[in-house]
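Following: one structure in structure tokens, then a few remarks.
The values are calculated or read from the model by the stated rules, or taken from the named source; none is laboratory data. Model, not experiment: these values are computed from the prediction. Using ideal geometry, Cβ is built from the backbone for each residue, glycine included, and neighbour counts are taken over all protein chains shown.
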Amino acid sequence: MGTLGAIMKHPDDLYPLLKLKMAARHAEKQIPPQPHWGFCYSMLHKVSRSFALVIQQLGTELRDAVCIFYLVLRALDTVEDDTSIAADFKVPILMAFHRHIYDPDWHFSCGTKDYKVLMEQFHHVSNAFLELGRNYQEAIEDITMRMGAGMAKFICKEVETVADYDEYCHYVAGLVGLGLSKLFHASGKEDLAPDSLSNSMGLFLQKTNIIRDYLEDINEIPKSRMFWPREIWSKYVDKLEDLKYEENSVKAVQCLNDMVTNALIHVEDCLQYMSALRNPAIFRFCAIPQIMAIGTLALCYNNIEVFRGVVKMRRGLTARVIDRTRTMADVYGAFFDFSCMLKPKIEKHDPNATKTLNRIETIQKLCRESGVLSKRKSYIIRNEPRYNSVTIAILFVLLVIIFTYLSAYRQKNQNM
Ligand code: D9A
């Protein structure tokens with residue numbers, strides 16, 4: 001569906017979408033003048049649109065550290081993901097990556113598109129890293145070292161058990177949570193969070209990505225590695241790729257629901273982590289991805305489309321989440337709404353129905369007990385928009401004006 005159609009269907013999305021567009025334009029104008037920082041921030045905008053916006057709101061010092069941390073991690077990921085590099089060549093690079101970040105002369109070409117540029121121009125990232133405070137450098141170095149070693153361990157190892165799955169997710173995402181908690185602490189704006197809670201923040205996001213990206217990953221050429229643990233999928237099919245075939249639809253959805261149920265276990269820790277944050281910008285930075293994750297899980301649960309195409313939250317809903325997430329009350333509200341959206345999708349005969357229901361009810365109970373669930377706009381239970389022809393005509397004319405203006409503006413900018 002085009003933007004126009006989407007907005008006609010969800011008129012409340014219009015305002016947050018425009019606000020997001022404006023914020024994105026504003027952020028892109030704020031790219032620092034020095035070439036190394038300029039490179040880092042434009043790269044950040046290229047590889048992660050909405051995330052770059054939320055980073056923008058952190059104070060300068062912390063923002064710089066998070067930006068560099070993000071790019072170092074992306075670079076490490078690019079090495080891990082590049083299937084054209086032989087394992088015995090890749091392992092030493094991963095293991096030594098935490099030393100390469102101190103060396104502006106080091107570079108290693110791999111990856112494609114934006115990631116190829118990131119790798120080829122990595123000296124900009126190193127130069128920016130070398131300007132960070134020592135506390136920030138140490139946190140980034142330590143996490144990069146542990147993540148590199150963990151990735152190396154999994155290069156030749158499949159994700160068999162649920163314990164392997166948690167271990168792999170710890171290396172690639174849980175450690176990101178630990179690292180960020182250290183950076184927040186180093187900034188003096190937050191207490192140091194317990195490692196187990198920081199780890200859960202990463203696991204919840206990563207497991208959601210792994211679930212959502214099933215089809216994209218399984219269809220990748222050359223074949224990429226898969227992270228759904230055998231211990232789970234082998235209850236339903238003989239081979240992981242069998243899940244995408246139509247004749248296995250029932251099993252596929254049961255397996256998917258098993259995976260979603262597994263991810264939901266982390267919600268309690270995540271709520272606890274977020275409720276301890278004090279700085280409003282750090283809070284938003286942490287909470288927005290978490291709400292997107294629970295929203296994505298609610299969308300994916302019992303949804304065969306995960307095996308047929310892309311299941312993502314619509315842009316308008318993302319924009320609303322970014323616009324509205326300010327306090328812990330907003331987080332409890334969103335987790336409550338998305339749990340309410342998932343709950344009626346649980347079918348009695350699903351093999352994990354009871355377990356899923358228990359986990360959803362625990363989440364709902366936590367949200368209710370917070371005592372802040374009243375007076376707020378819900379993400380799901382909305383009054384159906386009522387249009388008359390005049391409203392539609394006005395809306396349409398407004399949209400045409402706005403979009404003509406925006407595209408003219410963009411062209412003008414490109415021609416400069
Ligand atoms: C994060 Cl520095 C990530 N990952 C994310 C993004 O959020 C986390 C990678 C590097 C960094 C941070 C994140 C944000 C805030 C607090 C966190 C945290 O912990 C306390 O990480 C745990 O996904 C990647 C991992 C999950 C592997 C950690 C959010 C993000 N969103 C994408 C949207 C998408 O669909 O991937 O990157 C985006 O905005 O482009």
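Taking the criterion of being of a type in the set (A, V, I, L, M, F, W, C), assigned to a loop (DSSP other than H, G, I, E, B) and under 30 Å from GLY179 (Cα atoms), the residues of region 283-325 that qualify are VAL311, MET313. The residue list PHE89, PHE39, PHE69 contains one member that is away from the ligand (no atom under 16 Å from the Cβ) and surrounded by 20 or more Cβ atoms within 10 Å (Cβ to Cβ), which is PHE39. Restricted to helices (runs of 4 or more DSSP H) entirely inside region 135-246, those with at least 1 residues that are among the aromatic types (Phe, Trp, Tyr) and either over 17 Å from the mean Cα position of the chain (by Cα) or at pLDDT below 95 (or both) are 162-169, 175-186, 230-233. For the condition in contact with an Asp or Glu (Cβ under 6 Å, 6 or more places away or on another chain) and surrounded by 15 or more Cβ atoms within 10 Å (Cβ to Cβ), HIS98 qualifies. Which condition number in (1) in a helix (DSSP H, G or I); (2) at pLDDT below 95 is the one that ILE360 fails? It is condition (2) that ILE360 fails.
Does region 93-116 include one or more residues that are aliphatic (A, V, I, L, M), over 23 Å from GLN137 (Cβ atoms), assigned by TED's automatic domain parsing to the domain that holds SER48 and modelled with pLDDT of 95 or more? No: region 93-116 contains no residue that is aliphatic (A, V, I, L, M), over 23 Å from GLN137 (Cβ atoms), assigned by TED's automatic domain parsing to the domain that holds SER48 and modelled with pLDDT of 95 or more.
For the condition surrounded by 15 or more Cβ atoms within 10 Å (Cβ to Cβ), of a type outside the set (S, T, N, Q), modelled with pLDDT of 90 or more and over 17 Å from the mean Cα position of the chain (by Cα), ASP64 qualifies. For region 330-341, state whether one or more residues are of a type outside the set (Gly, Ala, Ser) and surrounded by fewer than 17 Cβ atoms within 10 Å (Cβ to Cβ). No, that holds for no residue. Screening LYS189 against (1) within 10 Å of the ligand (Cβ to nearest atom); (2) surrounded by fewer than 20 Cβ atoms within 10 Å (Cβ to Cβ); (3) under 18 Å from PHE69 (Cβ atoms) leaves a single unmet condition, (1). Only one entry of GLY38, GLY2 meets the criterion of being closer than 25 Å to PHE403 by Cα and out of contact with any Cys (no Cβ under 9 Å at 6 or more places or on another chain), and that entry is GLY2.
Across region 91-134, what is the total count of residues that are at positive phi and either assigned to a helix (DSSP H, G or I) or touching a strand residue (DSSP E or B) at 6+ places or on another chain (Cβ under 8 Å) (or both)? So that I can check it myself, show each step before the final result.
Taking region 91-134 first, the residues at positive phi are 111, 113.
Next cut, either assigned to a helix (DSSP H, G or I) or touching a strand residue (DSSP E or B) at 6+ places or on another chain (Cβ under 8 Å) (or both) only: 113.
Total satisfying the criteria: 1.
Here the condition is being within 16 Å of the ligand (Cβ to nearest atom), crowded, with 18+ Cβ neighbours inside 10 Å, hydrophobic (A, V, I, L, M, F, W, C) and within 25 Å of CYS169 (Cβ to Cβ); of VAL260, VAL310, VAL306, it holds for VAL306 alone.
Pick out the one residue from VAL176, VAL159, VAL172 that is of a type in the set (A, V, I, L, M), away from the ligand (no atom under 14 Å from the Cβ) and in contact (Cβ under 8 Å) with a residue 12 or more places away in the chain.
On the way: VAL176 fails: away from the ligand (no atom under 14 Å from the Cβ); VAL172 fails: away from the ligand (no atom under 14 Å from the Cβ).
Criteria check complete, one pass: VAL159.
For region 127-151, a residue qualifies if it is among the small types (Gly, Ala, Ser), surrounded by fewer than 20 Cβ atoms within 10 Å (Cβ to Cβ) and more than 22 Å from VAL172 (Cβ to Cβ), and exactly one does: GLY133.
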